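Read the structure below first, then the notes.
Read-outs throughout are calculated quantities, based only on the coordinates presented, and are distinct from any laboratory measurement. All values reported here derive from a predicted model rather than from experimental measurement. A quick note on method: Cβ atoms are made from the backbone with ideal geometry, for glycine too, and the neighbour counts reach across all protein chains shown.
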Amino acid sequence: MLNWLLSLLGLRPRRADDGPIDEDAAYANSYGDRTGEIISVEPIPEPEPELSPHARGDLTGEFLRKAFERRLDARKKLTT
């Protein structure tokens with residue numbers, strides 16, 4: 001720790017090997033050694049959402065009639 005502090009204050013002369021380093025050495029120092037291994041990543045497909053009859057376009061006349069009757073019946077139960 002004392003050597004580090006002295007080097008920060010400029011009281012210790014720099015060593016000859018403290019000079020600039022090349023790109024490969026800097027990469028190895030930061031990220032580790034490069035390997036020849038090639039890794040490919042494939043995205044996982046998202047599952048398709050289940051669609052309701054409304055979204056699929058399966059609204060037939062019969063479906064609409066029954067839905068309307070259910071709403072009328074529910075309205076009658078509220079008024080009586």
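Couplings 3J(HN,Hα) for the range 24-33, derived from phi with the Karplus relation 6.51 cos²θ - 1.76 cosθ + 1.60 (θ = phi - 60°), are 4, 5, 5, 5, 5, 5, 7, 10, x, 6 Hz, where x marks Gly and Pro.
The modelled label-to-label distance between Y27 and L72, using points 7 Å beyond Cα along the C-beta direction, is 7.6 nm.
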